[in-house]
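S.K.: Right, I'll just put the structure down here and ask away after.
The values are calculated or read from the model by the stated rules, or taken from the named source; none is laboratory data. These numbers come from a predicted model, not from an experiment. Every residue, glycine as well, gets a Cβ built from its backbone with ideal geometry; the counts of neighbours run over all protein chains shown.
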Amino acid sequence: MEGTYPLPEAELDRFMIKIEMEYPTREVETKLIDSDYSDVGVVRSIVSIEDIEMLQSQVKRMTISDEVRDYIVEIGEATRRNPAIRLGASPRAIQMLAKLSRAWALLNDEDAVSIDDVKLLAPLVLSHRVFTIRGNPKDLIRKIIEETETPFSRRLK
C-alpha cells in the first residue's frame, strides 16, 4: 500500500528507493502473537552525527568512472525510449542512482562504483519513478538493464 491517496509523480521522485516488504513467515508471525513490545527499554545511539557527516563526505569522494556515469545515464535514457513506459526516469532519479551506488560501494569496501553496483540498485531507485503503460515497473527496469550495453560489452564489438 502506498497510502490513502497515491502520491503525485513529482512527490514519488523525491524518495531515493522503494523497498517492498513481504509478510513474515508463519513461524515469525506465530512468535509475534506472544510478543510484548510495550517495553522496548532504552534506545541507544549507535552512530554519532560526526560519524554520519564523515560517511557523507566519504560517499561524495567515492570514485565513479566516466564509463559508469555513462552507463547510468544510458539506463535513464532507455527508460524514456521504452514504449511500455509512459514517463521515464527523471534527472533526479539518475542522480539518486549514482549517489546510492557511491554509498553502496563505500559500505562494501570497494575502491570505486562498479557496473554491478548500478545493476543491483537500479530497480530499487527507478521502479517507483517510472510510470508504465503496461507491465510491472521493476520487471521493465530489469529488462532495460539486461538490454543496455555495458562499457565492457561495447569494447568487445
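S.K.: Filter region 2-42 for residues that are under 30 Å from Ala89 (Cβ atoms), part of a loop (DSSP other than H, G, I, E, B) and charged (D, E, K, R); which is modelled with the lowest pLDDT? Outline the logic, then answer.
M.R.: First, pick out the residues of region 2-42 that are under 30 Å from Ala89 (Cβ atoms): 2-23.
If we keep only those that are part of a loop (DSSP other than H, G, I, E, B) too, we end up with 2-8, 13-23.
Add one more test, that the residue is charged (D, E, K, R), and what stays is 2, 13-14, 18, 20, 22.
Values: Glu2: 57, Asp13: 70, Arg14: 74, Lys18: 79, Glu20: 78, Glu22: 88.
Looking at the filtered set, the residue picked out is Glu2.
S.K.: Of everything in region 54-64, what is within 21 Å of the chain's Cα centre (by Cα) and outside any loop (DSSP other than H, G, I, E, B)? Give them in sequence order. It would help to see each step written out before you state the result.
M.R.: Residues of region 54-64 that are within 21 Å of the chain's Cα centre (by Cα), as a first pass: 55-64.
Residues satisfying the conditions are Leu55, Gln56, Ser57, Gln58, Val59, Lys60, Arg61, Thr63.
S.K.: Do you know which residues across region 68-123 are out of contact with any helix residue (DSSP H, G or I) (no Cβ under 8 Å at 6 or more places or on another chain) and among the aliphatic types (A, V, I, L, M)?
M.R.: The answer is Leu107, and nothing else.
S.K.: Now a separate question. Quickly run through region 70-95 and pick out the residues that are more than 14 Å from the chain's Cα centre (by Cα) and part of a helix (DSSP H, G or I).
M.R.: Asp70, Tyr71, Val73, Glu74, Glu77, Ala78, Thr79, Arg80, Arg81, Pro91 - these are the residues of region 70-95 that are more than 14 Å from the chain's Cα centre (by Cα) and part of a helix (DSSP H, G or I).
S.K.: Residues Ala98, Ala103: which one is under 15 Å from Ile72 (Cβ atoms), in contact (Cβ under 8 Å) with a residue 40 or more places away in the chain, among the aliphatic types (A, V, I, L, M) and not in a strand (DSSP E or B)? Reasoning before the result, please.
M.R.: Working: Ala98 fails: in contact (Cβ under 8 Å) with a residue 40 or more places away in the chain.
Step by step, each of Ala98, Ala103 is checked, and only Ala103 is under 15 Å from Ile72 (Cβ atoms), in contact (Cβ under 8 Å) with a residue 40 or more places away in the chain, among the aliphatic types (A, V, I, L, M) and not in a strand (DSSP E or B).
S.K.: Only one of (1) touching a residue at least 12 places away in the same chain (Cβ under 8 Å); (2) among the charged types (D, E, K, R); (3) out of contact with any helix residue (DSSP H, G or I) (no Cβ under 6 Å at 6 or more places or on another chain) is not met by Asp34, so which one is it?
M.R.: (1)
S.K.: In the list Ser114, Ser65, which residue meets the criterion of being surrounded by fewer than 15 Cβ atoms within 10 Å (Cβ to Cβ) and within 26 Å of Thr150 (Cβ to Cβ)?
M.R.: Details: Ser114 fails: surrounded by fewer than 15 Cβ atoms within 10 Å (Cβ to Cβ).
After ruling out the rest, the residue left standing is Ser65.
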